[in-house]
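Scroll down for the structure; my scribbles are underneath it.
The values are calculated or read from the model by the stated rules, or taken from the named source; none is laboratory data. On a predicted model such as this, the values are computed, not experimentally measured, just so you know. Here Cβ is always computed from backbone atoms with ideal geometry, including for glycine, and neighbour counts include all displayed protein chains. To get the accessible areas, we keep the full protein, side chains included, count just its heavy atoms, and leave off ligands, DNA and RNA. Shrake-Rupley method; radii C 1.70, N 1.55, O 1.52, S 1.80 Å.
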Amino acid sequence: QVQVVESGGGLVQPGGSVRLSCAASGSFLSITMMGWYRQAPGKEREWIATIISSGRTNYADSPKGRFTISRDNAKNTAYLQMNSLKPEDTAVYYCNARGVLKPSPKGFDSWGQGTQVTVSS
């Protein structure tokens, strides 16, 4: 079983910045991809960005240029740096991790519980 825990959310003023962290733990051989998603009140969950083990990243059009995803493979942790935040960025931010379990070579697809980010003055 793989656990994914997000942290770093909170209240931030418009134009401000925040960095979210996502730590994966458990028994796995590797994490092939980590991604960030968000769900605003009354809306569906939307994809923000993903990063694979090589470091290659991919972003949705919406927050591109303001958000940056990164990862520390040694710590099995991904980050989402969010700058120039807007009230419409208010949402619960979720982390997803995919990879290969240990000892059985089966895949896993795990989600965290989410962390709230509220952008308001």
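Counting charges near MET33 (Lys, Arg +1; Asp, Glu -1) among other residues having Cβ under 13 Å from its Cβ returns a value of +2. In loop segments of region 1-90 as defined by DSSP, the GluC sites (Glu not before Pro) with at most 11 further C-beta atoms inside 10 Å of their C-beta are GLU44.
Solvent exposure of the chain, expressed per residue, is 53 Å² of accessible area, with all protein chains present and a 1.4 angstrom probe.
Rolling a 1.4 angstrom probe over the chain with all protein chains present gives an accessible area of which 47% lies on carbon and sulfur atoms. How far is the Cα center of region 1-57 from the Cα center of region 101-121, in Å? Answer, in whole Å: 7. Around the Cα centre of the chain, unit charges on the Cβ atoms of Lys, Arg, Asp and Glu (plus for the first two, minus for the last two) sum to a dipole of about 260 debye. Qualifying trypsin sites (Lys or Arg not before Pro) in region 27-121, where qualification requires a DSSP coil assignment and no more than 11 other C-beta atoms within 10 Å, comprise LYS43, ARG56, LYS106. Here the spin labels are modelled as points 7 Å beyond Cα on the Cα-Cβ line, and at GLU88 and GLN113 they lie 3.1 nm apart.
Considering only TYR93, SER120, SER104, the residue lying farthest towards the positive end of the dipole of the chain is SER104, judged by Cα position with unit charges set on Cβ. Annotated for region 56-119: lysine pairs at least 8 residues apart or interchain, Cα distance under 29 Å, count 4.
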